[in-house]
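Input: a single structure, listed below in structure tokens.
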Amino acid sequence: MVLVPACAREPIIGPVLFPTKEFTVTLAGVMRLASIRGLRLFESRDEQRLLVHQLGVVLDQFYVHLPLKERMLGVRPLEQVRLLEEELARDPEDASFREALLRLSLGLRDFHTMVDLPEPWSRFTAFLPFQLREYVDASGAVRFLVSGLAPGADLGGGFVRGVEVTHWNGEPLAHTLQRLAMTTAGANQPARWRRALASLTERTLKYALPPDEDVVSLTYLGEKGPAGIQLPWLVREDGARPEARRPGCLSLRSVETAHGTVGYLRIADFFTDDVEGFVREVERSVRELPGTGLILDLRGNAGGSIHAAECLLQLFTSSRIEPALFSLRRTGLTRALCESSGEWSPWRPSLHSGASSDEVFSQGVPLTPVEQVNGLGRVYTGPVVLLCDALSYSATELFIAGFQDHHIGKVLGVDSHTGGGGSRMSWHHLLARAPGSPLRPLARGADIRVALLRSTRVGAKRGVPLEGLGVEVDVLHGYTRDDVLHGDVELLNRAARVLTERA
């Protein structure tokens, strides 16, 4: 086990509550990023070699989007793996290896396919104690406001909620974002921008490159004009992500808008081990809301259970739901996987029948049974509009695509497309358990995520993949200053207007 030096654990600010997308974490203390930079990733060249070799096997034999990424992005990940192996033979320097490994992983632009670094890096999140949101002013220029401070964080001076940040380390903030976007795993341009904005103030070091600087110099517009502040990057240790659905996943209320009173339901994620219970809870929630119209908010919802997401569609339509189809890539090891486990047996006939052909993928098979996605039926009978952004990802995109493909209502986005994550992923440690698997356990708790099954849409867009493309929204709304400072007031008014038009 790699231990964090005692000096790295010394807090530089008092205990604070820092809200994350996952849950509220009580910080007994935080560390400076500078104090952990020297922590090693691996202790031996053999551990490095093993990870790189296994990454090559996973990409070559299991990664379903390999042909798509090579064509769409012009990348050659297998060649990059080979070059990294050669570089290791010449110079196994740990920091250089970590950067090269992460750049290779991030270059796939696929959050379903990434290297998860070992401990202690897997527990670290680098952050600044404030958040930013953007809006578009009347001239069309993008501006950035401080939307919140970490509770308990007193940054002093005039750096408060609502001030506009103009420069980041002396560079116009929009320029900084454009450069940072090229190092995120966003699958399309809207996702790269949205993820770059999020990573300006928070980065999960399990799979993201750490900030280049130890201290950030900001220029902002205070009450008396331009002012400056310097803030050190901080690091907190997070626990493992909970697998079960968390309290507070659902948020519902009635909203008074310029177009009348409507219902509002926010689903923060689809992480649940109890699909039936999750669907029943959503059913109870929508029954409590006004029947005049419903705003269904999935912004920032990174996904979770595919079954839960697809089963919710039936609550909002009388149409028969057709679940998305999923395909494996045809390789020797995917055929062996289907032979070794009953879980993968539905794809077995297709892989064998196409073994002598040039077909790249197996036939599509639904993950969620048709009877399950239609077993409950419609509950909410009013019009529905769906809110999303480029952080709406994975299982959430399957819901959004199904919402659009079954003509349930309009999709209103603050970005032009959703995040472009169209797959079901697996993990190296699970694939290594299959009988006869050539995969071997990785050192220090490292792991490799891989998109194993690709999803394709149904209805009028039948066969169109979600990966990279995402879902194109029906109505686009750029955030306004009032949205940022006053609870998305104009966005909700726009959504209510869409509902009246739909009705």
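For the reader, a short list of remarks on this structure follows.
- Every residue from the range 362-379 that is open to solvent by 40 Å² or more (accessible area, probe 1.4 Å), within 14 Å of Ala308 (Cα to Cα) and in contact with a strand residue (DSSP E or B) (Cβ under 9 Å, 6 or more places away or on another chain): Pro366
- Scanning the range 312-361 for residues being of a type in the set (D, E, K, R) and buried (at least 21 other Cβ atoms within 10 Å of the Cβ) gives a total of 1.
- A single member of Leu315, Leu328, Leu265 is within 20 Å of Gly409 (Cα to Cα), among the aliphatic types (A, V, I, L, M) and in contact with a Ser or Thr (Cβ under 7 Å, 6 or more places away or on another chain), and it is Leu265.
Yes/no per residue for (1) out of contact with any helix residue (DSSP H, G or I) (no Cβ under 9 Å at 6 or more places or on another chain); (2) assigned to a strand (DSSP E or B):
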{"residue": "Gly56", "(1), (2)": "no, no"}
{"residue": "Asp60", "(1), (2)": "no, no"}
{"residue": "Gln80", "(1), (2)": "no, no"}
{"residue": "Ala100", "(1), (2)": "no, no"}
{"residue": "Glu134", "(1), (2)": "no, yes"}
{"residue": "Gly148", "(1), (2)": "yes, yes"}
{"residue": "Ala153", "(1), (2)": "yes, no"}
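- Residues (at positive phi and either part of a loop (DSSP other than H, G, I, E, B) or at pLDDT 95 or above (or both)) located in the range 410-451: Gly420, Gly436
- Residue within the range 454-467 that is closer than 17 Å to Leu386 by Cα, touching a Gly at 6+ places or on another chain (Cβ under 8 Å) and open to solvent by less than 60 Å² (accessible area, probe 1.4 Å) present: no
- Restricted to the range 312-396, the set of helices (runs of 4 or more DSSP H) holding at least 1 residues that are at pLDDT 95 or above comprises 332-340, 370-373.
Yes or no, residue by residue, for (1) farther than 19 Å from Arg161 by Cβ; (2) open to solvent by 10 Å² or more (accessible area, probe 1.4 Å); (3) among the aromatic types (Phe, Trp, Tyr); (4) within 22 Å of the chain's Cα centre (by Cα):
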residue: Thr183; (1), (2), (3), (4): yes, yes, no, yes
residue: Gln189; (1), (2), (3), (4): yes, yes, no, yes
residue: Leu200; (1), (2), (3), (4): no, no, no, yes
residue: Arg203; (1), (2), (3), (4): yes, yes, no, yes
residue: Ser217; (1), (2), (3), (4): yes, yes, no, no
residue: Leu221; (1), (2), (3), (4): no, yes, no, no
residue: Gly225; (1), (2), (3), (4): no, yes, no, no
residue: Gly228; (1), (2), (3), (4): no, yes, no, no
residue: Pro232; (1), (2), (3), (4): yes, yes, no, no
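- Residues of the range 479-496 classified as touching a strand residue (DSSP E or B) at 6+ places or on another chain (Cβ under 6 Å) and open to solvent by less than 40 Å² (accessible area, probe 1.4 Å), total: 6
- When the range 62-78 is filtered for residues that are open to solvent by 20 Å² or more (accessible area, probe 1.4 Å) and either assigned to a helix (DSSP H, G or I) or under 16 Å from Arg329 (Cβ atoms) (or both), the ones remaining, listed by number, are Pro67, Leu68, Glu70, Arg71, Met72, Leu73, Leu78.
- Odd one out for Asp238, checked against (1) open to solvent by less than 30 Å² (accessible area, probe 1.4 Å); (2) out of contact with any Leu (no Cβ under 8 Å at 6 or more places or on another chain); (3) modelled with pLDDT under 95: (1)
- Scope the range 185-236; condition among the β-branched types (Val, Ile, Thr) and in contact with a helix residue (DSSP H, G or I) (Cβ under 7 Å, 6 or more places away or on another chain); matching residues: Val235
- Looking across Val52, Val30, one residue alone is β-branched (Val, Ile, Thr), surrounded by 17 or more Cβ atoms within 10 Å (Cβ to Cβ) and modelled with pLDDT under 95. It is Val30.
- Of the residues making up the range 168-181, those that are touching a residue at least 24 places away in the same chain (Cβ under 8 Å), open to solvent by less than 20 Å² (accessible area, probe 1.4 Å) and part of a helix (DSSP H, G or I) are Leu173, Thr176.
- Filtered residues of the range 258-294 (kept if farther than 19 Å from Cys388 by Cα, over 28 Å from the mean Cα position of the chain (by Cα) and surrounded by 20 or more Cβ atoms within 10 Å (Cβ to Cβ)): Leu289
- Flag if Leu476 is at pLDDT 95 or above, open to solvent by 40 Å² or more (accessible area, probe 1.4 Å) and closer than 20 Å to Leu265 by Cα: yes
The values are calculated or read from the model by the stated rules, or taken from the named source; none is laboratory data. All values reported here derive from a predicted model rather than from experimental measurement. So basically every Cβ, Gly included, is an ideal-geometry build from the backbone, and we count neighbours across all protein chains shown. We work out accessible area using only protein heavy atoms, side chains counted, and drop any ligands, DNA or RNA first. Shrake-Rupley method; radii C 1.70, N 1.55, O 1.52, S 1.80 Å.
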